1. Compute the distance in nm between two label points, each set 7 Å from the Cα along the Cα-to-Cβ direction, one at residue 86 and one at residue 33.
2. Using 1/(1 + (r/R0)^6) with R0 = 35 angstrom and r between the beta carbons of residue 100 and residue 68, what's the FRET efficiency to the nearest 0.05?
3. For residue 101, enumerate residues with amide H under 5 Å from its amide H, sequence gap 5+ or separate chain, H modeled in the peptide plane.
4. Taking Cα pairs under 8 Å and at least six residues apart, what relative contact order does segment 4-91 come out at, in percent?
5. Among the lysines in the chain, how many pairs, 8 or more places apart or on different chains, have alpha carbons under 17 Å apart?
6. What full-extension length gain, to one decimal in nm, is calculated for residue 54 and residue 9 as 0.36 nm per residue of separation minus the Cα-Cα distance?
7. Can you show me the helix-derived [θ] at 222 nm for the chain, built from DSSP H runs with n ≥ 4 at -39,500 (n - 2.57) apiece and divided by the number of residues, rounded to the nearest 500.
8. What's the magnitude of the charge dipole for the chain around its Cα centre, counting Lys and Arg as +1 and Asp and Glu as -1 at the beta-carbon? Answer in Debye, nearest 20.
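All of the numbers you see were taken from the coordinates with simple rules; none came from a lab. Not measured: the values here are computed from a predicted model. Neighbour counts run over all protein chains shown; Cβ positions are idealised from the backbone, glycine included.
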Amino acid sequence: MYKFEDFTKLEIRVGKIVEAERIPNTDRLMKIIVDMGNEKRQVVAGFGHKHKPEELIGKQVPIVLNIEKAVIRGVESNGILMAVYDERATLLTPLHQVPVGTKVK
């Protein structure tokens, strides 16, 4: 079991998806560019089989920022986009628009 202090080490902030595209030769992977306010982050997400890239543009989503960079199928991922992975792969989003870069607590 994790301690509360472990959770507080995560830097999770709300970003806005500004670009999304399928990664060639994969069924599920998408390259997503997220505006974090002070920077843009590229992340790889595994729900390309459930969503079209154009459905994602403009959505606000929480991103885990202080996670080690990964290279997935040759594409760099600099964060983790938070979603519920059920049969639809639903993005977690704020109930209303918040400023880009808002900290999730």
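1. The answer from the label model is 3.3 nm.
2. Computed FRET efficiency for residue 100 and residue 68: 0.90.
3. The answer is 14, 15.
4. Taking the mean separation of contacting Cα pairs over the length of segment 4-91, I get 28 percent.
5. Taking the chain as the scope, the lysine pair count is 19.
6. Details: separation 45, 0.36 × 45 = 16.20 nm, distance 3.28 nm.
12.9 nm is the gain from fully extending residue 54 to residue 9.
7. Details: 2 runs with 9 residues, N = 105.
Here the helix-only value at 222 nm equals -1500 deg cm²/dmol.
8. Working: 17 positive and 14 negative charges, 17 e Å.
With only Lys, Arg, Asp and Glu charged at Cβ, the dipole is about 80 debye.
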